[in-house]
Amino acid sequence: MSRKAAPGDPLQWLVVMLVLLACGALVGYPIAMLVAHSFVDDSGHLGIKAFGLLLTDNGIKAAALNSLFFIVDVTAGCLAIGVPLAWLVARTDVPAKLCIRGAIAVAFIIPSFINVIAWIFLAAPNSGYLNKVLVSWIGLAAPPFNIFSFGGLVFIETAHLFPIVFFAVAAALANIDASHEQAARMLGAGRWRTTVTITLPLVAPAVVSSATLCMLDALSSFGAPAAIGTMANFSVLSTAIYGLLTYPPRLALAAAVSLPIVLFTLACLWGQQHYLRRNNFVTVSGKANAPQLMGLGPWRYPALVLALTLVGCAAVLPFCALVVLSLLKAFGTELAVGNFGLQHYGAVFDDSFTVLPAVKNSLVLALAGATFCVALGITIAWLVERTTVAGRGIISAVVMVGYGFPSIILGVGVMLGYINALYGTLTIILIAYMARHLPIAFVFVRTLVKQVSPELEEAARILGAGRLRSLIDITYPVLRPAAFIAWLLIFSLCLREQPMSAILTQSGTEVMSTMVLQFIEDGSIEVAAAISVLIVVVSMVAIAVARIFAPRQILEMR
């Protein structure tokens with residue numbers, strides 16, 4: 001029996017039709033509507049008027065320029081912090097490496113739109129507690145920090161994204177065959193020269209890839225720019241698009257603004273792939289030698305202090321500030337025992353308050369999104385790896401397209417595609433979540449499908465089991481660990497998703513992430529902190545469970 005499904009197999013064609021329908025509804029149709037709307041003017045006629053406005057609208061031009069400076073500054077900051085920290089942890093004898101890694105992971109788990117709350121608490125120009133402490137202790141004439149500034153926004157986003165560079169470069173440094181560096185040392189190069197001329201060039205793929213991800217993540221960031229930009233009176237492209245969708249909506253211009261961002265994203269991804277294909281970065285041989293750690297000598301503990309200071313500012317300090325703020329009765333009051341309480345958490349679960357419906361909506365969407373993504377991901381992975389149906393590669397590419405689009409752009413496409421039928425419902429938000437996070441389930445499951453011999457299913461078929469029964473009894477038990485990890489990660493990501501939620505939610509369909517932004521704008525920052533603590537804790541628990549139970553091959557996936 002062939003390991004592939006027979007051409008006339010009705011189950012195969014049923015699956016193909018369902019997958020094509022799902023991929024079209026989730027990704028293909030929204031993207032097509034995004035492109036189509038960019039060529040339609042406000043009167044409904046075809047034209048390029050919207051693109052002309054891109055060159056004449058001063059607000060759009062200012063937002064584009066701000067976005068350019070923003071992504072350059074954030075990417076440079078992530079590289080400046082992430083690469084040295086990765087080298088310090090992977091290639092030196094600095095102590096407390098596990099502690100450093102753990103704090104950096106926490107910095108990435110906390111979304112930037114939540115981080116902004118903590119830094120408002122700490123570094124607001126007049127009421128920030130860190131400013132108050134420094135002015136009181138040192139006697140400064142004016143507060144030293146102002147988080148309500150473009151520099152403050154760059155700092156917040158950099159503190160959230162530098163872990164991408166750190167983990168990518170640290171993994172690359174750990175995989176380098178040490179014989180390359182040993183050869184340089186034998187030819188007379190010192191440790192520092194070897195590091196600069198041999199080690200760093202060999203980790204160039206990790207540096208380029210992680211820098212690209214940081215740049216694209218910064219470009220699509222919404223929560224922190226919305227909060228800081230409102231206070232500091234500036235906008236970036238993501239917040240400008242959101243503004244175009246508020247009343248009165250300018251859908252054509254929003255779509256036209258989105259297309260250059262899509263093209264920029266595709267250009268970045270193409271440039272990354274072209275660079276990696278053009279250069280040879282093979283560094284792991286059949287007999288790889290373990291890297292020799294560099295002894296820092298008297299600089300060992302100063303380096304540790306520097307590393308802990310960096311990760312403390314990125315993770316520990318803001319998370320502690322977030323918890324303190326969520327317990328404080330009112331922002332600006334003295335940090336005394338009598339001023340702490342749980343009333344803000346009580347408001348979250350109060351039926352008469354607006355937060356509880358948002359919590360319920362978030363949980364429903366996260367549960368449904370994770371479950372549907374995993375079920376569809378398993379189906380698509382089986383179709384791609386176990387059948388000979390024409391167009392399998394196209395299906396795989398369409399699935400992955402959603403992950404390459406900035407969240408806010410994908411949200412615009414989904415809104416344009418379903419605005420007449422589903423706008424103002426939880427269903428349209430679910431569609432957006434699935435379009436964004438389906439690739440995670442697909443990649444996780446496909447990795448293990450490749451490792452399962454199709455002969456196992458064929459043996460079950462020979463013994464009389466139907467195709468569905470053989471999949472359930474033979475293949476699914478092997479895929480279950482990957483499916484479980486993917487479900488947890490998607491659940492966590494859906495719970496904290498904000499850019500798409502901000503565009504698609506309406507009265508009655510609010511979610512936790514949009515409520516955080518709403519409470520910040522309304523001045524109820526303590527309640528926003530309480531909601532944020534819940535989001536962070538649930539996300540940490542989900543990711544911790546994923547790491548505990550994930551098979552080794554899943555944890556090592558790139």
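Structure values in brief
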quantity	calculated
1 or more residues touching a Lys or Arg at 6+ places or on another chain (Cβ under 8 Å): qualifying helices (runs of 4 or more DSSP H) within region 293-410	343-348, 355-386, 392-404
Members of region 420-451 that are within 20 Å of Ser507 (Cα to Cα) and touching a residue at least 60 places away in the same chain (Cβ under 8 Å)	Tyr423, Gly424, Thr425, Leu426, Ile428, Ile429, Leu430, Ile431, Ala432, Tyr433
Counted residues, region 411-427 - those being in a helix (DSSP H, G or I) and not small (Gly, Ala, Ser)	7
Filter result for Tyr433 (under 22 Å from Pro111 (Cα atoms), assigned by TED's automatic domain parsing to the domain that holds Thr509 and modelled with pLDDT under 90)	no
Restricting region 119-154 to residues that are in contact (Cβ under 8 Å) with a residue 60 or more places away in the chain and of a type outside the set (A, V, I, L, M), the residue that is surrounded by the fewest Cβ atoms within 10 Å (Cβ to Cβ)	Ser127
Residue identified as in the same structural domain as Gly229 (by TED's automatic domain parsing), touching a helix residue (DSSP H, G or I) at 6+ places or on another chain (Cβ under 9 Å) and either not in a helix (DSSP H, G or I) or not polar (S, T, N, Q) (or both) among Pro95, Pro30	Pro95
Checklist (1) out of contact with any Pro (no Cβ under 9 Å at 6 or more places or on another chain); (2) buried (at least 18 other Cβ atoms within 10 Å of the Cβ) applied to Leu219, failing item	(1)
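The values are calculated or read from the model by the stated rules, or taken from the named source; none is laboratory data. The structure displayed is predicted, hence computed values, not measured ones. Neighbour counts are summed over all protein chains in view; Cβ atoms, including those assigned to glycine, are modelled from backbone coordinates with ideal geometry.
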